[in-house]
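The values are calculated or read from the model by the stated rules, or taken from the named source; none is laboratory data. No experiment lies behind these values; they were computed from the predicted model shown. With ideal geometry, Cβ positions are generated from the backbone for all residues, glycine too; neighbour counts draw on all protein chains shown.
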Amino acid sequence: MAKILIIEDTENNRILLTRRLKPRGYEVVTVDDAEKGIAAVNDLRPDLILMDIGLPGMDGWTATRQLKADPNTRHIPVIALTAHAMQGDRDRALEAGCDSYETKPIDFNALFSKIEGLIAKAPGQPLT
Amino acid sequence: MSGSGQNVGSATAPESAGAPPVPARLSRARHDLRNPLGDILGFSEILQDETTDGESPELASGLQAIRHSAGHLLRQVNQTLDFETFQPSDRAATDTLQRSIFSEAQRILEQVDRLIAQSAAQKQPLFLEDVGRINYAARRLQEIAPLLLEQLHEAGTVPKPLETGDASRDGLERPCAEVEFATTLRHREADSQSANATQATLLIVEDNENNRELLRRRLSREGFTVATAENGRRALECLDEQQFDLVLLDIMMPELDGHAVLERMKQHEQFRHIPVIMISALDDIASLVRCIERGADDYLTKPFDPVLLRARIGACLEKKRLRDQEQVYLQQLQHYLKRLEAEQDKSERLLLNVLPKPIADRLKEGETGIADSFPEVTVLFADLVGFTSLSVHISPTEVVHLLNEVFSAFDMLAAKHGLEKIKTIGDAYMAVAGLPTPRVDHAHAAAELALEMQRELDQFNQGYRTSLRMRIGLDSGPVIAGIIGRNKFIYDLWGDTVNTSSRMESHGVPGCIQMTENTCRLLGNQYDITPRGPVEIKGKGAMKTYFLTARLTQRNGSAGAFDSEA
């Protein structure tokens, strides 16, 4: 069962994502900020991260860059969830190293296929 | 990329309409609007997924309707608040979006109510929770959209972020009055009504500082000049200091409430005509009714629809404008009426120049063919001798001028003696005594006039060094007096008396007054009268005539003992 880590500060969105993903057979873990998220990644070893961009404190891009810079975590696919509020959100997301992005409000069908696609092609986890 | 987001915290620029929005504002608006929409879409979708089809078609269709509304709104938000195409001056676009948000959110809320009202099976905690979230999100949209969109059009710092707040368990909390009141809507109409309104000066009377300030900002941006007062007493002071076109008046206020202010305004001549829109809470209807009875023009209940406020302000100002115009028209009317009256007076005087007043009145009444019979009058004819020879020496203009002098003097004398001057024919003068109002002493009046006319001519001759002379003829008897003809008519006399008096004149002697026996008989023995031998009068044969020389005064006693044939 694939494991998804959701880093999202808004409770509603956490709930929505959880309730949509769980029935699809994913194991879902949520945290509400980037630092907790980065800390959790090592323990959890998720198969995919859903990263909210508009996070308080450390923002999603910084967190993504950090994860992608770290050899232990760089292989984990990150899907940025952006509110598409700012110009160039998409570009920044991709530039930070996100593997994909999805704009809120989330089109779940699109999200599901992206998740499936990314998990399927994720290389095997490196040995710690 | 334009450094978006870096303007947060910059110094407040003075508010100016049309200044480019800080991109962060647009982002904020997008973010804050899309979030609740996302919630609505997300949770209704989940509910749809988690409900099997067979369970409840109403539930399914209700959720579908909610998703439809939210989806529609989302598209609109994306379209309107597009980074590439959004224009800060385009208020119409945000207005449309605002209205859409309001109405779609309203639909969603109604759907939610219906869903909750449905069968008990749906009332599972999780269901209610989700529905509650949808409800809260819809309310949230209504709350925040106006302010968010409003701020897109102003310059200055990005405002503090609105509290996102967590969904409550059932999500059915009432939005606080303050946030509701913070909803602002720009609704600038293209038509002339708004063009007229935007120069108006408004007075906002409201004790709540937030509400007052928000109203002031909103209405200022609409183009109104706005003043505020925090209570009734201050409101009256403002009214004294400045001219206002409209007053927005809260009812509940300390130090003189809305009722009192309204009453004072209506008592004051100066303020009576200023339109007043009362503002009050919804449950204060009785109060509102009192205000309307006291003369308030309109009312709005809090929280009120900004569109309605704008429309009602516009309507009141229009009403006032029309009323003011009416006043102007009335004043103009007064002015024209006065002028008309003056003209009418002039016409009247002109007419009276031509006709005796009673005749003029009858003519004005529409009487035609005025011809009255007077049994007893005395007609006087006078003819100036020597005028023609005058014209040899002086110009025709001067001749006429002289004639005018003489006849004007005669006119005054005729009026003095109560005779009606009829006409002049060349250098002949005709008057009559005893009409239009009959008098017993008509002969005496005519005699007096004749004598005074002679004296007048003497004086004239002295003054002008002329040697004009005059023949005067008198006869007494019946005449017909009236108006003949349609155009350029005069009041004229007909009858034998007229002809005879004319003959008395033409067959007379310059410097003398010749009269018939009729007149002589009427004069009695108050006058010095000399009989003249029978005179051959054209058309009448021989007639006994008399010369009138003077009035006999009592002092003179027996001067002139000649008998008149009594």
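Being modelled with pLDDT of 90 or more and either more than 13 Å from the chain's Cα centre (by Cα) or away from every other protein chain (no Cβ under 14 Å) (or both) narrows it down to one residue among A:Asp99, A:Asp33, A:Asp43; which is it?
Going through A:Asp99, A:Asp33, A:Asp43 in turn, the sole match is A:Asp99.
Does A:Ile106 fit the bill of being part of a strand (DSSP E or B) and not small (Gly, Ala, Ser)?
no
Out of B:Ile484, B:Ile472, B:Ile480, B:Ile490, report the one residue that is crowded, with 22+ Cβ neighbours inside 10 Å and either closer than 24 Å to B:Arg362 by Cβ or at pLDDT 95 or above (or both).
After applying the criteria, what remains is B:Ile472.
Whether any residue in the range B:462-482 is of a type outside the set (Gly, Ala, Ser), more than 60 Å from the chain's Cα centre (by Cα) and in a helix (DSSP H, G or I) is what I want to check.
Checked against the condition, which is being of a type outside the set (Gly, Ala, Ser), more than 60 Å from the chain's Cα centre (by Cα) and in a helix (DSSP H, G or I), the range B:462-482 yields at least one hit.
Give me the residue from the range B:232-247 that is in contact with a strand residue (DSSP E or B) (Cβ under 6 Å, 6 or more places away or on another chain) and in a helix (DSSP H, G or I) and, out of that set, farthest from B:Ile279 (Cα to Cα).
B:Cys238
Filter the range B:186-226 down to the residues that are over 30 Å from B:Pro254 (Cβ atoms) and either modelled with pLDDT of 85 or more or assigned to a helix (DSSP H, G or I) (or both) and list them by number.
Within the range B:186-226, B:Ser192, B:Gln193, B:Ser194, B:Ala195, B:Asn196, B:Ala197 qualify.
Examine the range A:86-105 for a residue that is free of Cβ contacts under 8 Å to residues at least 40 places away in the same chain, under 22 Å from B:Ser44 (Cβ atoms) and out of contact with any helix residue (DSSP H, G or I) (no Cβ under 7 Å at 6 or more places or on another chain), and state whether such a residue exists.
yes
Residue by residue, here is whether (1) away from chain A (no Cβ under 13 Å); (2) at pLDDT 80 or above; (3) out of contact with any Ser or Thr (no Cβ under 8 Å at 6 or more places or on another chain); (4) in a helix (DSSP H, G or I) holds:
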{"position": "B:Ser4", "(1), (2), (3), (4)": "no, no, no, no"}
{"position": "B:Ser10", "(1), (2), (3), (4)": "yes, no, no, no"}
{"position": "B:Ser16", "(1), (2), (3), (4)": "yes, no, yes, no"}
{"position": "B:His31", "(1), (2), (3), (4)": "no, yes, yes, yes"}
{"position": "B:Leu47", "(1), (2), (3), (4)": "no, yes, yes, yes"}
{"position": "B:Leu74", "(1), (2), (3), (4)": "no, yes, yes, yes"}
{"position": "B:Glu84", "(1), (2), (3), (4)": "no, yes, yes, no"}
{"position": "B:Gln87", "(1), (2), (3), (4)": "yes, yes, yes, no"}
{"position": "B:Arg99", "(1), (2), (3), (4)": "yes, yes, yes, yes"}
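Can you work out which of the residues in the range A:52-72 that are surrounded by fewer than 19 Cβ atoms within 10 Å (Cβ to Cβ) and of a type in the set (D, E, K, R) is farthest from the other protein chains (Cβ to nearest Cβ)?
Across the range A:52-72, the extreme among qualifying residues is A:Asp70.
State all residues of the range B:231-278 that are under 20 Å from B:Leu317 (Cβ atoms) and either hydroxyl-bearing (Ser, Thr, Tyr) or at pLDDT below 85 (or both); if no residue qualifies, say none.
Hit for the range B:231-278 is B:Gln270, nothing else.
Among the residues of the range B:408-429, write down those that are buried (at least 18 other Cβ atoms within 10 Å of the Cβ) and closer than 19 Å to B:Arg465 by Cβ.
If the condition is that a residue be buried (at least 18 other Cβ atoms within 10 Å of the Cβ) and closer than 19 Å to B:Arg465 by Cβ, then B:Asp427 is the only one that fits.
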